[in-house]
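First comes the structure, then the notes that go with it.
Rule-based calculations on the coordinates, nothing more; no lab input. Since we're looking at a predicted model, the values are computed, not measured. Virtual Cβ from ideal backbone geometry, glycine too; neighbours counted across all protein chains shown.
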Amino acid sequence: MKLVLCDFDGTITKKDSLADFVQYAIGKPMYYMGLLKLSPILLAYYIGAIPNNTAKEKLITHFFEKWNATDFQKLADEYSLNRLESIIRIKAMNRIRWHQQQGDKIVIISASIECWLKAWCKKNRLDLIATELKINNNKLTGKFSTPNCYGIEKVNRIRESYDLSRYEYIYAYGDSRGDKELFAIADECYYRPFRD
């Protein structure tokens, strides 16, 4: 059996699903107002002063802290099933279908949040490993319950979930430096393969 490890945002999608989901959840005006308030954090991230996971947690906290987790998941499922398809690259889906026809095991491995990816992955018969949100008393905390699934954490999570020795060949698809470590464990790598 062959294993296919595929990054999500920017690889399968035409744009970042985090930004797209926040806009879907609260509307564009509130989203852009939030970005203005978060601009010092975002600037610090872009110049490398703070890591990816810190910036992302600050963003999630700002927009979703104390949201009811059940309501949030319902909204995330609606987004996943009704909106997400519109930002998916056709070439990426064609390649996924090809791998499925070969009988390959396909895993979406993403730094994005599991909540709004899992319904889409389930519908398309894809395994999913992604960043998960921490919930207390059915309320979002804004924090992660798992490490941000980026860089070496992608490999850590893959190794936790799959015995790589069972697979005769590993493909990896990605689009950023966050996929560098993923490429290192693959036999065949594709960097930004689905862009026009």
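Based on alpha carbons, the Rg and Dmax found for the range 50-125 are 15.0, 44 Å.
Is the shape of the range 25-72 best called rounded, prolate or oblate, per the rule: a/c under 1.5 gives rounded, else a/b larger than b/c gives prolate, else oblate, with a ≥ b ≥ c the square roots of the Cα gyration tensor eigenvalues?
Working: a/c = 3.33, a/b = 1.57, b/c = 2.11.
Oblate, since a/c reaches 1.5 and b/c is not below a/b.
As a proxy for reagent exposure, ranking T11, T70, T54 by other Cβ atoms within 10 Å from fewest up yields T70, T54, T11. For the residue pairs K66/K180; K74/K154; K2/K134; K28/K134; K2/K143; K91/K122, alpha carbon separations beyond 31 Å are given by K66/K180; K2/K134; K2/K143. Of S165, S39, S176, which has the largest mean-square fluctuation in a 10 Å C-alpha GNM of the chain? So, out of S165, S39, S176, the one fluctuating most is S165.
Taking the Cα atoms only, what angle lies between the long axis of helix 90-101 and the longest principal axis of the chain, rounded to 10 degrees? So the helix axis and the longest Cα principal axis differ by about 50 degrees.
Once the Cα atoms are used to define both axes, helix 152-161 deviates from the longest principal axis of the chain by about 60 degrees. Largest mean-square fluctuation among K122, K143, K14, in a Gaussian network model of the chain whose springs join Cα atoms under 10 Å apart, belongs to K122. Binning the alpha carbon pair distances of the range 94-182 at 10 angstrom intervals from zero yields the distribution 15, 44, 33, 8, 1, expressed in whole percent. Extending 7 Å from Cα along the Cβ direction at A184 and again at E85 yields two label points whose distance is 3.9 nm.
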